[in-house]
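A short worksheet on the structure shown next.
Coordinate-derived values only; no laboratory data. None of the values given here were measured: they were computed from a predicted structure. Ideal geometry is used to build each Cβ from the backbone, glycine not excepted, and the neighbour counts take in all protein chains shown.
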Amino acid sequence: MFAKGQTVIQWMEQLAPKHLAYPDDRDRIGLQLGTLQKEIRTVLVALDVNEEVVDEAVRIGADLIIAHHAIIFRPLKSIQTDSAAGKVYERLIKHDIAVYIAHTNLDNAEWGMNDWMAEALGIRNTVPVEETQREPLYKLAVFVPATHADQVREAVFGAGAGAIGNYSHCSFNVAGTGTFLPQEGTNPFLGSAGKLEQAEEVRIETIVPQSIRSSVIQAMLKAHPYEEVAYDLYPLDLKGKAYGLGRAGKLEKEMTLAAFSQVVKDKLDVPHVRVVGDPDRIVKKAAVIGGSGSRYYQAARFRGADVLVTGDVDYHTAQDALAAGIALIDPGHNAEKIMKAKVADWLKAQAEKHRYDIQAVASAVDTEPFRFM
């Protein structure tokens, strides 16, 4: 059985929720070309979408390309099919291949681009280099007959509610008496129509992150025995999990900058790295930002990092970082290719979980534009 495109993208947005993208119009994410109202048999996961990647997609029979970098970044005034970009658009349309982009939402996601890079480099106990948002939290208060309190609690906890820091299944429970008068045409769990009823109930309060509000409420309603459920959901001033750009943390073991540069080269599978700083310097804490993140060297330094790993470092930023006392390692922008296998594995796991016959393939095309002589 094949899934619709919308279903595949729902899986993708569980991994990289769209609300984690930059909040303005600087980023281009989501469906950029084609339709998701079709069955998907094969997904190709790519870093960039160029002619070679489209050739690969046609060759393997891909219905959908999920890429990190947008194919349409600025508004189009025309599509000329004899131009380089126009040829790509034309071939995609002719072969009915949709293109979906997950960019800064994948960068900022928990267990997304920057977590994958940090893991590969041995950076542990990470925090965002620069926090961009904290997930809003809500308080759920629901009134449940005492006989079903455990059932409802377990349902909302199973849907992800009740987490405070490293503690799960957190709730506060108060016993009391509920009253209700079933009207004509009702089918009450307790009592009978036209008769005022009193019931021993429990008020269950727990914390719900914004991203799972709907699933928690659905789980609560499904587990609740009442025909009409009395509950409140209200926003809190408290903020939840931090999301943001890059990751900073301790290295598994300290080493020289030269040795760590070799780790970066090997683990990110790049032909060379550029290094700013004393090769003999000992590094204990490191930060990583996929793509072009050198302008955040001060934020990385504030997080205690001895070195920042990021791409596209320019001359003057390198000078400024050196003066500020933080080393830089530049593996190039293409180091983000780590996402291809990771996203493909995620999609394959979701397809298997939901029993869909969908292939997810990591692109074998090298889209690195630079050649090193």
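Annotations
- Every helix of 4 or more DSSP H residues in the chain counts as -39500 (n - 2.57), and over all residues that averages to -8500 deg cm²/dmol at 222 nm.
- Total charge dipole magnitude, segment 132-243, about the Cα centre, Cβ charges on Lys, Arg, Asp, Glu only, Debye to nearest 20: 500
- ³J(HN,Hα) computed for each position of segment 86-100 - Karplus, 6.51 cos²θ - 1.76 cosθ + 1.60, integer Hz, glycine/proline x: x, 4, 5, 4, 4, 5, 4, 5, 4, 9, 6, 9, 7, 10, 10
- In terms of distances greater than 29 angstrom between alpha carbons, the cross-link table entries Lys18/Lys337; Lys267/Lys348; Lys139/Lys222; Lys265/Lys353 yield Lys265/Lys353.
- For the chain, DSSP calls about 70 percent of its internal beta bridges antiparallel.
- Translational diffusion coefficient (Stokes-Einstein; Kirkwood radius from C-alpha pairs) of segment 75-139 at 37 °C, 0.692 mPa s, in µm²/s: 209
- Derived scalar couplings between HN and Hα for segment 286-295 equal 9, 10, 9, 9, x, x, 9, x, 5, 5 Hz in order, rounded to whole Hz, by the Karplus curve 6.51 cos²θ - 1.76 cosθ + 1.60 (θ = phi - 60°), x for Gly and Pro.
- Cα centroid of segment 181-222 to Cα centroid of segment 1-42, whole Å: 35
- Given +1 at the Cβ of Lys and Arg, -1 at the Cβ of Asp and Glu and no other charges, the dipole of the chain around its Cα centre is 340 debye to the nearest 20.
- Net charge over other residues, Cβ less than 14 angstrom from the Cβ of Arg134 (K, R count +1; D, E count -1): -3
- Charge tally in the Cβ shell below 15 Å around Arg203, where Lys, Arg are +1 and Asp, Glu are -1, Arg203 excluded: -3
- Segment 177-269: Cα Rg divided by the 2.2 N^0.38 Å rule of thumb: 2.14
- When only alpha carbons are used to place a centre, segment 85-143 and segment 283-314 end up 19 Å from one another.
- Dividing the Cα radius of gyration of segment 132-243 by 2.2 N^0.38 Å, with N the residue count, gives 1.17.
- Spread of Cα-to-Cα distances over 5 Å intervals beginning at zero, given as percent, for segment 255-373: 2, 11, 19, 19, 15, 10, 9, 7, 4, 2, 1, 0
- Selected from Ala62, Ala323, Val127, residue furthest toward positive end of dipole (the chain; charges at beta carbon): Ala323
- Computed log₁₀ I(q)/I(0) - Debye formula, equal Cα scatterers, no solvent, segment 1-152, q 0.08, 0.10, 0.11, 0.12 Å⁻¹: -0.33, -0.48, -0.56, -0.65
- Amide H contacts of Met255: Val283, each under 5 Å away and 5 or more positions distant or on a separate chain (H built 1.01 Å from N in the peptide plane; Pro and chain starts excluded).
- For Glu130, the residues whose amide H sits under 5 Å from its own are Leu245, ignoring neighbours fewer than 5 places away on the same chain, with H placed 1.01 Å from N.
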